[in-house]
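None of the figures in this text is laboratory data; all of them are computed from the coordinates on show. Please read all numbers here as calculations on a predicted model, not as lab measurements. Don't worry about glycine lacking a Cβ; one is built from the backbone with ideal geometry, like all the others, and counts go over all protein chains shown.
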Amino acid sequence: GPLEETSLPLFFGWFLCPSFQEKLRSMAKDFLKTLQGLEAFKKHLSDFTGEAEKEVDLEQHFQDKGMLHCTTKLCDYGKAEGSKEYAEQQAVKDRYGSMSELKLSALFLTPRTLGARVSLTEDQLQLWPADAEKEAMPDADLPPGSRAHVTLGCAEGVEPVQTGLDLLELVLLQQQGQEGEQVQDLDLGPLAYYGKGMWVLSLHESSLAPACFCSYYG
Ligand code: ACK
C-alpha cells in the first residue's frame, strides 16, 4: 500500500559523528589551502578555470553539501532499483543504528568534486550493494567498495552523486597501473596528480571516523 511505498528512505549510509565531521572539514580546508599555494597546482590551474591566468579560490569553488556521510544505497524513497531488496537484507536490518569506524585513506579532488576515499572493512562490505560499481561503470571490473566515499564539496551546479563517479575514474586509473605524477609530500601524505584536474592526497595514517549506519529521509 501507499504507506509501505513511503517507508523507504532517500538513502542508507554511514553518518559521521558531529565532532568528526568538524575535524574532517577542517582537514579538507587545510588541504585546499595548501594545494592552492603549490606551484604544481598553479601549473594546472586551467583545469579548474578554463583559463591559464585566472585565479581560483578552492574554498569558494567547492560548496558544502551538508551532513557528512558515506552512502551505501540510494533508495530515492523506493523509486531506485533494488532499494526494497536492499532494505530487507538481514545485514542491513541487523546493523541498522550501529556504530562502526570508517577508514579514510585519501582526500581527492577534481574540478567537479572534493571527497574522502573510504576503505571499507569486510564487515562493512556486507552493507555495500553488489552492483554499486557496475551500475556506474558497466565495462570496468572494480572491487566492491571502490566507490565508497564521503562527499566534502561540489562545484556549482554539480550533484553529489558525481563524487563517487570521480572516485571510480581515479580507482580505474590506479587499477590500470597509473600512479599519477608524484608531486610532493605534504604533512598528511604524498600528493599525486592524475591529469584533467584530478588530485589525490593519500593519507599516511588513515583517519578512523566514527559513524552510525542508518538512513536519511530528507
Ligand atoms: O555524496 P553522496 O554519496 O552522493 O550522497 C548523496 C546521496 O546519495 C543523496 O543524494 C548519493 N547518490 C545520489 N544518486 C546516487 C546514485 N545513483 N547512486 C549512488 N548514490 C547516489 C549522493
### Query
Where in the stretch 1-110 are there strands (runs of 3 or more DSSP E), lying wholly inside it, with at least 1 residues that are among the polar types (S, T, N, Q), within 16 Å of the ligand (Cβ to nearest atom) and touching a residue at least 24 places away in the same chain (Cβ under 8 Å)?
69-74
#### Entry: Within the stretch 113-128, considering residues that are within 13 Å of the ligand (Cβ to nearest atom) and crowded, with 22+ Cβ neighbours inside 10 Å, the one nearest to V171 (Cα to Cα)
R117
### Task
Using the structure shown, decide if L170 is within 18 Å of A209 (Cα to Cα) and either touching a residue at least 60 places away in the same chain (Cβ under 8 Å) or basic (K, R) (or both).
no
### Query
Within the stretch 137-156, how many residues are within 15 Å of the ligand (Cβ to nearest atom) and surrounded by fewer than 15 Cβ atoms within 10 Å (Cβ to Cβ)?
1
### Message
T151 - would you say it is part of a helix (DSSP H, G or I), hydroxyl-bearing (S, T, Y) and touching a Ser or Thr at 6+ places or on another chain (Cβ under 6 Å)?
### Response
no
#### Entry: In the stretch 113-128, residue nearest to S100 (Cα to Cα) [restricted to those that are of a type outside the set (G, A, S) and assigned to a strand (DSSP E or B)]
V118
### Query
Cβ-Cβ below 6 Å, separation at least six or inter-chain, first residue in the stretch 136-158 and without any contact (Cβ under 8 Å) to a residue 60 or more places away in the chain, second within 13 Å of the ligand (Cβ to nearest atom) and aromatic (F, W, Y): which pairs?
P144/W128; G145/W128
#### Entry: Unmet criterion (only one of (1) more than 14 Å from L109 (Cα to Cα); (2) within 13 Å of the ligand (Cβ to nearest atom); (3) in a helix (DSSP H, G or I)) for Q174
(2)
